[in-house]
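The values are calculated or read from the model by the stated rules, or taken from the named source; none is laboratory data. As the structure is a computational prediction, the values presented were derived from the model and not from experiment. Note: ideal-geometry Cβ built from the backbone for every residue, glycine included; neighbour counts use all protein chains shown. Note: areas computed on protein heavy atoms with side chains; ligands, DNA, RNA excluded. Shrake-Rupley method; radii C 1.70, N 1.55, O 1.52, S 1.80 Å.
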Amino acid sequence: MKKIYTLIAAALLATGAAAQNPTAYFMEGSTFRSQFNPAFAPLRGYVNIPAIGGVNINVSGNIAVDNILFSRDGKLVTLLDSSVSAADALSGLKQNNLLGMDFRMNVIGFGAFTKNHKNFWSFDLNVRVNEDANLPYSLFEFIKLGKEGQIRNFGTSMDSYLEAAFSYSFPLMDDRLYIGIRGKFLAGLARAQVTYDRFDISLREDRWAVLTQGTLDLTAAGAKVETDPDSETFEIGDLDFKPTKPAGYGFALDLGATYDILPNLQASLAVTDLGFISWSKKNSVRGVSTQETEFTGATVPENASEPVPDFDLEMLKFNQVDGRSTTKMLRASVNAGLEYEVWRHKIGIGLLYTARVWKYETMHNITGSVNFHPVRWFTVSGSYSVIDNRGGAVGLALNLCPNWINFYLATDVLTSKHTPQWVPIKQSSMNVTLGLGIPIGKRSHRIAAYVREGDRR
């Protein structure tokens with residue numbers, strides 16, 4: 001069963017549903033904040049340092065990390081490892097175990113206020129990678145206990161693309177309402193998806209019967225299958241590609257608004273990543289696997305009461321079929337916030353609701369935060385997130401924006417319990433956001449408490 005172990009372990013380790021770092025939403029002054037809502041703006045214009053001007057990594061799901069990784073003899077192993085008993089491996093799993101990762105790196109970024117100190121525009125070139133997987137409970141029952149059954153919605157997918165985005169925000173209604181819009185041109189680099197719509201396992205008198213229906217779909221420049229010409233099938237390891245140029249193109253929009261309900265109470269709402277990428281047929285490799293096989297080999301592992309099949313599953317072999325073009329929607333997000341400022345805009349109390357639309361499920365987070373900005377160039381935030389009714393995570397954020405630098409850092413991994421490898425084990429999300437840039441140009445006049453008398457002109 002080495003091949004199926006390899007596929008599942010890769011899904012467990014490479015992905016970890018993911019959402020943007022919620023602590024960074026109220027990180028006033030940071031250049032990254034407008035990624036949540038294009039109506040937001042930093043305190044000054046900026047030029048980001050290439051590659052480190054904005055890095056965002058999010059790993060999360062509907063199960064905690066310690067339900068996936070176990071410490072054995074000072075090392076971290078996945079729940080598939082033979083040293084992890086079936087009871088330990090299955091105890092923390094759900095009916096559908098969702099795992100995901102988002103990565104965003106700003107390659108080029110700059111923005112500035114217009115002459116009125118209120119309208120703001122920006123341009124960003126980002127590299128983005130999204131991965132997600134759904135691993136049903138019944139799959140692990142089969143692997144750890146040898147239990148027969150019907151496994152559905154087993155699959156993993158990944159896509160990577162370049163994002164060139166132009167954003168503009170402006171005031172209405174005597175500056176009480178700000179509207180923001182970001183248009184994004186997308187160039188797809190690579191995508192891959194492996195799904196099994198059917199995976200039926202039954203134990204007959206003296207043999208196992210396995211019936212599968214699966215699809216493998218890869219799109220990337222130079223995608224091809226390198227295998228024996230006489231072979232009618234190929235495996236995942238036979239795929240090769242060279243993503244040196246785009247294999248698809250698309251477009252997306254971010255729409256946002258902020259509204260001052262009261263002088264110190266602001267509501268905000270945004271929908272991000274409303275868009276798609278159309279992937280070309282020319283760069284596509286596709287395979288289907290419809291297998292009906294019987295096996296007689298079986299072993300009985302320690303702490304298990306039923307035999308486990310001991311074979312190399314043919315389900316991971318695919319018959320190549322004609323590639324095809326496909327259009328995939330991005331994972332859209334909804335962010336709705338409410339923030340109340342006290343003590344002359346030195347302390348803010350915020351509440352954020354986030355929803356992230358996945359293929360298998362929509363993930364929901366609620367975050368409360370306290371934000372301190374004693375002076376306009378310094379903000380520190382603390383937050384607590386309730387993650388889809390599965391527990392919570394404590395987050396911390398810092399933004400420094402004096403005249404010569406704009407630095408920000410937000411994470412929810414500092415206060416959690418860690419393994420010796422610094423992996424949080426009691427929460428189902430891990431977020432890190434950081435960036436470094438150079439302030440330029442005019443200061444914002446959007447926040448009345450920050451506008452000096454000499455600046456009012």
Virtual spin-label span in nm between V225 and R324, 7 Å along Cα→Cβ: 1.6
Where the stretch 209-253 is the region considered: accessible area per residue in Å², 1.4 Å probe: 52
Cβ charges +1 (Lys, Arg) and -1 (Asp, Glu), total dipole of the stretch 40-154, debye: 580
Potential lengthening between Y353 and V107 on full extension [0.36 nm per residue; Cα-Cα distance subtracted]: 85.7 nm
Accessible solvent surface per residue of the stretch 331-387, calculated while the other protein chains remain in place, 1.4 angstrom probe, Å²: 47
Amide H within-cut-off set for N96, under 5 Å, with H built and near neighbours excluded: Y137
Extreme residue, positive dipole direction of the stretch 152-292, given options A247, A192, F170 (C-beta unit charges): F170
Environment charge of V380, counting only residues whose C-beta is closer than 12 Å and scoring Lys/Arg +1, Asp/Glu -1: 0
Under-5 Å amide H pairs with V107, H placed in peptide plane, nonlocal only: A51, L125, N126, V127
Rule-of-thumb Rg ratio for the stretch 344-410 [Cα; 2.2 N^0.38 Å; N residues]: 1.36
Accessible surface of the stretch 74-141, 1.4 Å probe, proportion on carbon and sulfur as whole %: 58
Among M101, A133, L90 - extreme Cα towards positive end, dipole of the stretch 90-136, charges at beta-carbon: M101
Solvent-accessible heavy-atom area per residue, rounded to whole Å², over the stretch 22-63 at 1.4 Å: 17
Relative contact order [Cα under 8 Å, 6+ residues apart], the stretch 161-260, whole percent: 34
Residues of the stretch 392-410 with amide N under 15 Å of the 7 Å Cα→Cβ point at A51: none
Per-residue ³J(HN,Hα) for the stretch 269-275, Karplus 6.51 cos²θ - 1.76 cosθ + 1.60, θ = phi - 60°, Hz, x for Gly and Pro: 8, 8, 10, 10, 6, 7, x
